[in-house]
Amino acid sequence: MSYQIIDGKAISKQIKEECRVKAEQYRERGILITLAVVQVGQDPASSVYVRNKKRACEECGIKSLSYELPEETTEEELLSLIGKLNADSAVNGILVQLPLPGQIDENRVIQAIDARKDVDGFHPMNAGALCTGQRGFVSCTPAGIIELLKRSNIEIAGKECVVIGRSNIVGKPAALLLLAENGTVTVCHSRTKNLKEVVSRADIVVAAVGKPKFITADHIKEGAAVIDVGIHRNENGKLCGDVDFDSVAPKCSAITPVPGGVGPMTIAMLMSNCIASVDLSESL
Ligand code: NAP
């Protein structure tokens, strides 16, 4: 079967360009969209993510403010900075790069961010809004998954969708978004029985398992669309996903590659959330 490779790089570029145009329109109205990026410690992977987010801001004409705090920062110190950013009317979005050092409770930090500035979409108020079909920030990776499907003309309504993974940042919101698009959604996790049987019913598979090449050809129905959220480095230092691309792709109608699939979408949707923050802050 010939399959379509869903080009996340190209789609993310398109979204960032749309954001650049909107940011410019806001600038003409005197609004300079501003994202505060907070990093605690110097975890190398976090530093790469933070750098890429700041670069995307530059590309889109969004101002980024950088807060680099030492590894030994206390929870109180971080909460105090968040309080100041919440109160600063020039700041539209606040992003605290996760993971945080062990002495800081991530949930307390997420809940301290003003929901109207929560461009990561992790605050319980935004998670609740997604759950109840109200306006709010949607977390970036799941929002990116839906954009990939829509912009690749893959119909979701009425389709059997199986999400493997139920994390708060990927699996659960991805399932809720597919449901909002009128998919028939099943969520699988580590206690799911007969995983292969369940996944092989799917027209759309979202793999967010966190295990390299876990989904193989025998999980996949002929003609399914497969979105691979996983990112891993194999023993040769090459990137791979949760899906065994080489065996799965020939059975699919469409599939995301790793790299170049879901990965670039996360930052593009962050930019999109920064743009949306101006409108959302008025309605939340
Ligand atoms: P996570 O928090 O570790 O969640 C993994 C989920 O997979 C859990 O719900 C777990 O079930 C389920 N699972 C584990 N083993 C399973 C098995 N044998 N069968 C069925 N389900 C199983 O991971 P995450 O944060 O959602 O991330 C998932 C992957 O996406 C990771 O590779 C991560 O690096 C990647 N990621 C990529 C991006 C991006 O921008 N592309 C962003 C975020 C994450 P239980 O709940 O029962 O434990």
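The values are calculated or read from the model by the stated rules, or taken from the named source; none is laboratory data. Only a predicted model underlies this, so the values are computations on that prediction, with no experimental measurement involved. Neighbour counts run over all protein chains shown; Cβ positions are idealised from the backbone, glycine included.
See the values below:
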read-out: Any chance Ile154 is more than 15 Å from the ligand (Cβ to nearest atom), aliphatic (A, V, I, L, M) and in a loop (DSSP other than H, G, I, E, B); value: yes
read-out: Residues located in the stretch 71-102, provided they are in a loop (DSSP other than H, G, I, E, B) and either of a type outside the set (D, E, K, R) or at pLDDT below 95 (or both); value: Thr73, Thr74, Ser89, Ala90, Val91, Asn92, Gln97, Leu98, Pro99, Leu100, Pro101, Gly102
read-out: Flag if Gly144 is within 14 Å of the ligand (Cβ to nearest atom) and either crowded, with 21+ Cβ neighbours inside 10 Å or among the small types (Gly, Ala, Ser) (or both); value: yes
read-out: Lone unmet requirement of (1) touching a residue at least 40 places away in the same chain (Cβ under 8 Å); (2) closer than 22 Å to Cys19 by Cα; (3) surrounded by fewer than 19 Cβ atoms within 10 Å (Cβ to Cβ) for Arg51; value: (1)
read-out: Selection within the stretch 253-268 - crowded, with 23+ Cβ neighbours inside 10 Å and either more than 9 Å from the ligand (Cβ to nearest atom) or of a type in the set (Asp, Glu) (or both); value: Ile255, Thr256, Ala268
read-out: Close pairs (7 angstrom Cβ cut-off, 6 or more residues apart or separate chains): within 15 Å of the ligand (Cβ to nearest atom) in the stretch 166-195, basic (Lys, Arg) and part of a helix (DSSP H, G or I) anywhere; value: Arg166/Lys172
read-out: Test result for Gly260, at pLDDT below 95 and assigned to a loop (DSSP other than H, G, I, E, B); value: no
read-out: Residues being assigned to a helix (DSSP H, G or I), in contact (Cβ under 8 Å) with a residue 24 or more places away in the chain and farther than 20 Å from Asp7 by Cα - total across the stretch 214-257; value: 2
read-out: Check on Gly223, more than 10 Å from the ligand (Cβ to nearest atom), closer than 28 Å to Ile62 by Cβ, surrounded by fewer than 23 Cβ atoms within 10 Å (Cβ to Cβ) and modelled with pLDDT of 95 or more; value: no
read-out: Residues within the stretch 196-213 that are touching a residue at least 40 places away in the same chain (Cβ under 8 Å), more than 8 Å from the ligand (Cβ to nearest atom) and in a loop (DSSP other than H, G, I, E, B), tallied; value: 3
read-out: Of the criteria (1) part of a helix (DSSP H, G or I); (2) surrounded by fewer than 21 Cβ atoms within 10 Å (Cβ to Cβ), which one Cys19 fails; value: (2)
read-out: Condition check for Asn126: part of a loop (DSSP other than H, G, I, E, B) and either more than 15 Å from the ligand (Cβ to nearest atom) or surrounded by 24 or more Cβ atoms within 10 Å (Cβ to Cβ) (or both); value: no
read-out: Evaluation of Val278 against (1) β-branched (Val, Ile, Thr); (2) surrounded by fewer than 19 Cβ atoms within 10 Å (Cβ to Cβ); (3) more than 25 Å from Val91 (Cβ to Cβ) (one fails), failing number; value: (3)
read-out: Conditions (1) under 15 Å from Val206 (Cα atoms); (2) surrounded by 19 or more Cβ atoms within 10 Å (Cβ to Cβ): number failed by Arg116; value: (1)
